[in-house]
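The values are calculated or read from the model by the stated rules, or taken from the named source; none is laboratory data. Quick caveat, the model's predicted, so the values are computed rather than measured. Cβ placement follows ideal geometry from the backbone for every residue including glycine, while neighbour counts extend to all protein chains displayed. SASA here: full protein model, heavy atoms, side chains in, ligands and nucleic acids out. Shrake-Rupley method; radii C 1.70, N 1.55, O 1.52, S 1.80 Å.
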Amino acid sequence: RRDWRAAVVERYRAVVAGLEERGVIDPRPGRTADEAAADAGAVLPVVATDLDAGARLFDAVHYGNRSANADDDAALRRLDDGARTTRPTRSAAMARS
């Protein structure tokens, strides 16, 4: 539909939900996008920078009324792919135990 704003917001929410479903981060109502990025980035350092960028984009679009475009959607699609396929680091997984 080319509703890039909705696509960005929903994609980032889906990334966080997927991380919660996989047990990468604990579900926590009220968690901000920045908190989710920090929590997940500590366990998935390979995608930490992308998670942070995704959180900033989410905030700018959702709260700051920034427009979004196809490139933004593509960036969050890449983040989604990376977050789904990256395994937690051993040291991070052990620290959470």
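Tabulated results
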| read-out | value |
| --- | --- |
| Accessible area per residue in Å² at 1.4 Å probe, computed on the chain | 60 Å² |
| Net charge contributed by nearby residues that have their C-beta within less than 13 Å of D52 (K/R +1, D/E -1) | -4 |
| In order through segment 46-51: 3J(HN,Hα) via Karplus (6.51 cos²θ - 1.76 cosθ + 1.60), integer Hz, x for Gly, Pro | 4, 10, 4, 5, 5, 4 |
| Helix-only mean residue ellipticity at 222 nm for the chain, each DSSP H run of n ≥ 4 adding -39500 (n - 2.57), per residue, nearest 500 | -22000 deg cm²/dmol |
| Computed magnitude of the charge dipole of the chain (debye, nearest 20; Cβ of K, R +1, Cβ of D, E -1) | 180 debye |
| Bins of 5 Å from zero: percent of alpha-carbon pairs in the chain | 2, 15, 27, 25, 17, 9, 4, 2, 0 |
| Net +/- balance of residues flanking R31 in space, Cβ distance below 12 Å, scoring K and R +1, D and E -1 | -3 |
| Restricting the chain to trypsin sites (Lys or Arg not before Pro) in coil, as DSSP defines it, with at most 11 other Cβ within 10 Å | R1, R2 |
